[in-house]
Amino acid sequence: MSGRRTNLALAVALAVAGLTGFAAFTAGTASGRWTVVLHGLAGLAVLVLSPWKSRVMRRGLRRRRPGRANAIALAVLTALVLVFGVGHSAGWRGLPAGLMTMQLHVGGAIVVMLLVAFHARQRPARPRPTDLSRRTVLQTSALVAGAGAGWVVLERSWALAGTPGADRRFTGSHEIGSGEPARMPVTQWLFDTVPRLDANVWRLNVSASTGNRQLTLRELEQLTDETGDRVSALLDCTGGWWSRQEWRGVRLDRLLGETPTGGRLLVSSATGYQRALPLTDASRLLLATRVGGQPLSAGHGFPARLVAPGRRGFWWVKWVTTIEVDERPWWAQPPLPLQ
């Protein structure tokens, strides 16, 4: 494969890996499995192309051209991203200092995408009509077949070796602490921090078409005891782990006191973090005050957190202070939180 075609193939593989990786973050149900599979295939395609790319790099490094340092950094970082991605799939969950392989994989991938954009600007490889030749189709087919074979080999290897990777969820997440809330990891989105809230001062503000009201923690606990609402729900964190727990609290449709129609639910945290959800989901959402029969810990959202079955962890807003209904569409927000 020529150097130019190798670069084009790598650009496409990295673009697919980036897009499917982003899509995989939003997949909470089995219907999103295909995004994770495509993400893995794209990553393995990069690995299959590495021998050809190494030849291109060796030729380029012999020349005194601008951008050599960027090219070397891009190659090294791409290799590390692949190592962390494959390692996570095998069951390598974390490193010292609390760093998780999934976090390193995602963080490295974001930097790789920025370096790729810079590298492509310095050394553009534009498509040509001849790239649609029969030879190119055959090479592309061989690349896809090689990535597919690599996927099968890895999956069979995890199963035969009995590694945790054989039992990971379709999202790639590994099980931790199901039924044992104390073992469930404490994580939050990006730069959010765990607040220390005073139960005597905390108030839940509920705003709906039926009116506005404030609830103390004691009043919310009384509602929890009256309704007995509980759900066994699986929390799948984008950090690469999942955990199933028994959550108890109050369903949001009971809190709102109205029949869901149009509009959205805006759930806000004491930290300023917020997510909007369809109002029609109110009967499936729980504002939990307890997990595993015990009050929530500070790290897991005390005094109250949202439980959103079928959605990834960033939808499960912690330290909830406000639930309000408005007429705006729920999807009019960034697909991933920016806070």
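See the values below:
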item: Filter result (surrounded by fewer than 13 Cβ atoms within 10 Å (Cβ to Cβ), small (Gly, Ala, Ser) and at pLDDT below 85) within the stretch 121-146; result: 133
item: Filtered residues of the stretch 283-308 (kept if more than 25 Å from residue 209 (Cβ to Cβ) and open to solvent by 20 Å² or more (accessible area, probe 1.4 Å)); result: 290, 292, 293, 294, 295, 297, 298, 302
item: Members of the stretch 238-289 that are of a type in the set (Gly, Ala, Ser) and in a strand (DSSP E or B); result: 243, 249, 268, 269, 276, 288
item: Residues of the stretch 26-36 classified as part of a helix (DSSP H, G or I), in contact (Cβ under 8 Å) with a residue 12 or more places away in the chain and open to solvent by 50 Å² or more (accessible area, probe 1.4 Å), total; result: 2
item: Meets criteria (open to solvent by 30 Å² or more (accessible area, probe 1.4 Å) and in contact (Cβ under 8 Å) with a residue 60 or more places away in the chain) for residue 212; result: no
item: Count of the stretch 66-105 residues which are open to solvent by less than 50 Å² (accessible area, probe 1.4 Å), closer than 19 Å to residue 177 by Cβ and outside any helix (DSSP H, G or I); result: 3
item: Matching residues in the stretch 223-259 - criterion: being open to solvent by 40 Å² or more (accessible area, probe 1.4 Å), among the polar types (S, T, N, Q) and modelled with pLDDT under 95; result: 227, 259
item: Of all residues making up the stretch 278-301, the number that are in contact (Cβ under 8 Å) with a residue 40 or more places away in the chain and not hydrophobic (A, V, I, L, M, F, W, C); result: 9
item: Hits in the stretch 196-209 (condition: open to solvent by 30 Å² or more (accessible area, probe 1.4 Å), assigned to a loop (DSSP other than H, G, I, E, B) and either out of contact with any Asp or Glu (no Cβ under 7 Å at 6 or more places or on another chain) or farther than 30 Å from residue 262 by Cα (or both)); result: 196, 197, 198, 199, 200, 201, 203
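The values are calculated or read from the model by the stated rules, or taken from the named source; none is laboratory data. Keep in mind it's a predicted model, so treat the numbers as computed, not measured. Reconstructed Cβ throughout: ideal geometry from the backbone, glycine too, with neighbour counts over all protein chains shown. All accessible areas refer to the heavy atoms of the entire protein, side chains included, with ligands and DNA or RNA removed. Shrake-Rupley method; radii C 1.70, N 1.55, O 1.52, S 1.80 Å.
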